Amino acid sequence: MKAIIIDDEPLARIIVKEYLQAYPQIDLVSECNDGFEGIKAVQQYQPDVIFLDIQMPKINGFEMLELIEDPPAVIFTTAFDEYAIKAFESHAIDYLLKPFSKERFDKAIQKWLDQNNSVISKTNTQELLETVAQSPAQHQRVVVKIAGKIKIIPVEEINFIEAADDYVKIHTKEGSLLKNKTMAHFEKILDAQHFVRTHRSYILNVQQITRIDPYEKDNHLAILRSGAKVPVSKTGYAKLKTVLGL
Amino acid sequence: MNFGFNIEVATVDTIVTNIQLLGACWLVSNIFRYYLPQKERYWYVVFFSLGLSGLITLDSKGILISALSKETDYLLFLSKSWGVRFGVSFLLIGCMSILSILWYTLEEEQQNQQRKTDAERLAKEAELYKLRQQLQPHFLFNSLNSISALAGSQPEQARTMIQQLSDFLRGTLKKEEQQTIKLDEEMQYLQLYLDIEKVRFGYRLTTVIEKEDACNDMKLPPMLLQPIVENAIKFGLYDTLEPVAIRITARAIGNYLQITVQNPYDHETSLPKQGTGFGLNSIKRRLYLLFARNDLLETKSENNLFTTIVKIPQTK
């Protein structure tokens, strides 16, 4: 069985490594400093379990998981993060609070081994990520993968979001990016004072609007600074008016 | 002035009347020490003064008539002068009442004022204490985790780190608000913190400290520097992947101690406002409570460097 440790503090990795020595059947194939290395290592080694810290440089543990298509079993290790701990508890996911004892570590490993090599099933991971996405700290940016590269987009730079089949297309001044999330997800996580769902298929950054023109019967078109024209439905127009204070 | 009466009669009259008046005034002043009428009840005071004047006039009458019963001229004079005596008593007692009320109201006001300033001072102290106390649990638990790791392989280093962490914690727990400490002392304290963080983050964290000699004896509020540096370290370490150098500079500029803390960041992924998170807000609040100024902390970001500048006014 293969394992990977992902933690930005070297001493924190040393502890897990040391505790793992009691399990000859678990082979530690890689140690990673951050989420970027973590994604690469997971793709390269296809581990059975990862020990994942949450607060890490650039992208945190949750954002890293979001970018992995078929994440392996995860045992979270964290020092203090009220929101994450609440999320773990509500999804019955095992996590280790630093500093943790060998006994506690053994228990987590045992649980993972007992549960047929999946501490968390894939649906559980998705649910967890949805819960975590609602924490205030996660509202600041959106992480996407484009052509193997990871891009971090501050939410202020989003012009508008467009539904595209199973994906959403995030339009920024540098072009558009795809992410496999739903419109409802973005409607929920983005600040309602700045992002309004003006149409079934569109969420708009109100700060980007330069003009709103009438368009056909009952409908409008919002003209953005980038020049893009975004449809606004009748109900969307009403929502927009309240946010803009018209 | 004895109105043609002999000196004895005049003296007795004077003594009796004045003792009565004195007693009445003493009574008035004592009553108002413990009971201050509300504004809408000031007319009580008029009634009270009238009553009291009447009472002492009658009282003096009884005493004077029995004491000087043989002086018929005097008794005649006495019976004509009740009105005047009553009037004078009323004026005196009325004046005394007003004075007492004014005096004690003023005193009460002063006490209230004192209580208010005391309460404000206590609240300010409590707030300052709380602001100084804001220890990041993340820092504490991660440090303990590092110690736990060191305990296995390098017990000596674990012991050193426990020592550093203890000294650091003791510093944050200090209760008495020393108004200011010397930069030298604060720097020693900061060094403890930096040493701990360097063990945690290993090669990724380096620090450069530059200090003008003129600053050594300059003063600053205790525990002010550490949260600023903590903010810079967090911002720097979590916003970039490369090794991070934190630069701390202390300069004496005019009547100010100016401390600059710089950390790298990535302008593409984070907006400068993230850098003025909780850590800096509480510093701003502290500076305001201590110096009543809002312009002592500023931040700027350019060329992927985030700079926090804090100026501490020096009192000579």
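In a helix (DSSP H, G or I), modelled with pLDDT of 90 or more, surrounded by fewer than 21 Cβ atoms within 10 Å (Cβ to Cβ) and under 36 Å from the mean Cα position of the chain (by Cα), is that true of B:Ser148?
Answer is no for this residue.
Mind counting the residues in the stretch A:67-82 that are surrounded by fewer than 22 Cβ atoms within 10 Å (Cβ to Cβ), charged (D, E, K, R) and either within 14 Å of chain B (Cβ to nearest Cβ) or over 20 Å from A:Lys2 (Cβ atoms) (or both)?
Of the residues in that region, 1 qualify.
I need a count of the residues in the stretch A:173-197 that are part of a strand (DSSP E or B) and surrounded by 18 or more Cβ atoms within 10 Å (Cβ to Cβ).
Looking only at that region, the number is 5.
Does A:Lys58 meet the test of being touching a helix residue (DSSP H, G or I) at 6+ places or on another chain (Cβ under 8 Å), within 9 Å of chain B (Cβ to nearest Cβ) and either among the hydrophobic types (A, V, I, L, M, F, W, C) or surrounded by fewer than 22 Cβ atoms within 10 Å (Cβ to Cβ) (or both)?
So A:Lys58 fits the description; yes.
Please determine, by comparing only the residues of the stretch A:3-35 that are more than 23 Å from B:Glu197 (Cα to Cα) and buried (at least 17 other Cβ atoms within 10 Å of the Cβ), which one is nearest to the other protein chains (Cβ to nearest Cβ).
Taking the candidates together, the pick is A:Tyr19.
Is at least one residue of the stretch B:206-219 over 27 Å from B:Arg286 (Cα atoms) and either open to solvent by 10 Å² or more (accessible area, probe 1.4 Å) or among the basic types (Lys, Arg) (or both)?
Among the residues of the stretch B:206-219, at least one is over 27 Å from B:Arg286 (Cα atoms) and either open to solvent by 10 Å² or more (accessible area, probe 1.4 Å) or among the basic types (Lys, Arg) (or both), which makes the answer yes.
Could you give every pair whose Cβ atoms fall below 6 Å, whose first residue belongs to the stretch B:75-88 and is on the phi < 0 side of the Ramachandran plot, and whose second residue is surrounded by 15 or more Cβ atoms within 10 Å (Cβ to Cβ), counting only separations of at least 6 or pairs across chains?
B:Arg85/B:Thr57; B:Phe86/B:Ser53; B:Phe86/B:Thr57
Within the bounds of the stretch B:271-294, is there any residue that is in a loop (DSSP other than H, G, I, E, B), exposed (fewer than 14 other Cβ atoms within 10 Å of the Cβ), modelled with pLDDT under 85 and out of contact with any strand residue (DSSP E or B) (no Cβ under 7 Å at 6 or more places or on another chain)?
yes
Could you tell me whether the stretch B:195-205 includes any residue that is over 27 Å from the mean Cα position of the chain (by Cα) and not in a helix (DSSP H, G or I)?
Yes, some residue in the stretch B:195-205 is over 27 Å from the mean Cα position of the chain (by Cα) and not in a helix (DSSP H, G or I).
Between B:Tyr129, B:Tyr104, which is open to solvent by less than 30 Å² (accessible area, probe 1.4 Å) and away from chain A (no Cβ under 14 Å)?
B:Tyr104
If you go through the stretch B:41-48 one residue at a time, do you hit one that is open to solvent by less than 50 Å² (accessible area, probe 1.4 Å) and under 17 Å from B:Val88 (Cβ atoms)?
Looking for residues that are open to solvent by less than 50 Å² (accessible area, probe 1.4 Å) and under 17 Å from B:Val88 (Cβ atoms), one finds none in the stretch B:41-48, hence no.
Return yes or no: is A:Pro136 within 14 Å of chain B (Cβ to nearest Cβ), in contact with a Leu (Cβ under 6 Å, 6 or more places away or on another chain) and at pLDDT below 90?
No: the conditions fail for A:Pro136.
Here are some residues: A:Tyr202, A:Tyr167. Which one is out of contact with any His (no Cβ under 8 Å at 6 or more places or on another chain) and under 23 Å from A:Ile68 (Cβ atoms)?
A:Tyr167
The values are calculated or read from the model by the stated rules, or taken from the named source; none is laboratory data. These figures come from a predicted structure and were not determined experimentally. Here Cβ is always computed from backbone atoms with ideal geometry, including for glycine, and neighbour counts include all displayed protein chains. Ligands, DNA and RNA are excluded from the accessible area calculation, which covers all protein heavy atoms including side chains. Shrake-Rupley method; radii C 1.70, N 1.55, O 1.52, S 1.80 Å.
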